[in-house]
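Enquirer: Sending over a structure as structure tokens; questions will come in a sec.
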Amino acid sequence: MTGIVYKSTGSWYCVKAQDQLFYECRIKGKFRIQGIKSTNPLAVGDVVDFDLETSNNTQTGVISSIHPRKNYIVRKSVNLSKQTHIIASNIDQVFLIITLNNPPTFPAFVDRFLVTAEAYQISAILLFNKIDSYEDFELKEVKEFQKIYQDIGYSTYSISATNDIEIETVKSIMQDKVSMFSGHSGVGKSTLVNAISPDLNIKTAAISKQHQQGMHTTTYAEMFALTKGIKIIDTPGIKGFGVVDMKPEEIGNYFPEFHKRKNKCKFHNCLHHNEPKCAIIGAVEAGKISSSRYASYLQMLEDDTLYRN
């Protein structure tokens, strides 16, 4: 049988088969995907083949193979720096949920996430959540934050998952697509999923007042199929996002505003660090490239573990 992985708990996988039924499946023996040093051999969104077996009057599946992925989004494993963790695969678009505070989302985190999405050719949309909770000066900060990414070409939306602001707009973007939700714990991923489909009633929790961080209410990535062809992949909150498998000379290619100017650099292999007549540095100095984006780029460039895999 063939099906799609809807949930992974590490050792068991919930697979929705072509008969529209769900089967609890496991992997028989060692199962590794060539060329990927990952802590998880399978991820939500994977298309797999499996065989059914019955034991103690219980029918389960044994996964035998995985179909080629059209894409996947990956980050460094939390505990094993030399390995990666595949968050989800076969994604049409990813929504990064951002909050100005409670908890804060910093530009460096956003930029690392977007670089990874660019590298794996996944469309990224930025959702600035909890817009109803901000004071006027904070709303101004949000607009300035948004403008950085709008000027590059990213779509951004100001939303409120609790007060139904722009939720219908988000739903319309999601029609007939597989969408992944990501962001820090506490930014409102699960609340947003519930706003889009109240029947799901996904568990949520309040922000920690002491640390201004969210509680990990989503433990494992899970896919939900809704009406109008909408499929949502809700993911656990992440504190940091380490990009992988990139050489220093490749990183700038995943900054759209760098990529379109790099041919104007004096040297074809310019790293946009301290080289003379660098078009990127010139654009930063002229205010045509955001200084926060350039700072994020330098941080990635200097990260010794970035491309040591």
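Enquirer: Which condition does Arg75 not pass, out of (1) among the charged types (D, E, K, R); (2) in contact (Cβ under 8 Å) with a residue 60 or more places away in the chain; (3) crowded, with 20+ Cβ neighbours inside 10 Å, if it passes all the others?
Expert: The failed condition is (3).
Enquirer: Answer yes if at least one residue in region 237-254 is touching a strand residue (DSSP E or B) at 6+ places or on another chain (Cβ under 9 Å), surrounded by 17 or more Cβ atoms within 10 Å (Cβ to Cβ), of a type in the set (Val, Ile, Thr) and modelled with pLDDT of 90 or more, and no otherwise.
Expert: no
Enquirer: Among the listed residues Ile165, Ile87, Ile125, identify the single one that is among the hydrophobic types (A, V, I, L, M, F, W, C), touching a residue at least 24 places away in the same chain (Cβ under 8 Å) and open to solvent by 50 Å² or more (accessible area, probe 1.4 Å).
Expert: Ile165
The values are calculated or read from the model by the stated rules, or taken from the named source; none is laboratory data. Owing to the predicted nature of the structure, the values given are computational and were not obtained by experimental measurement. So basically every Cβ, Gly included, is an ideal-geometry build from the backbone, and we count neighbours across all protein chains shown. When the accessible area is computed, the model is the full protein with side chains, heavy atoms only, and any ligands, DNA or RNA have been set aside. Shrake-Rupley method; radii C 1.70, N 1.55, O 1.52, S 1.80 Å.
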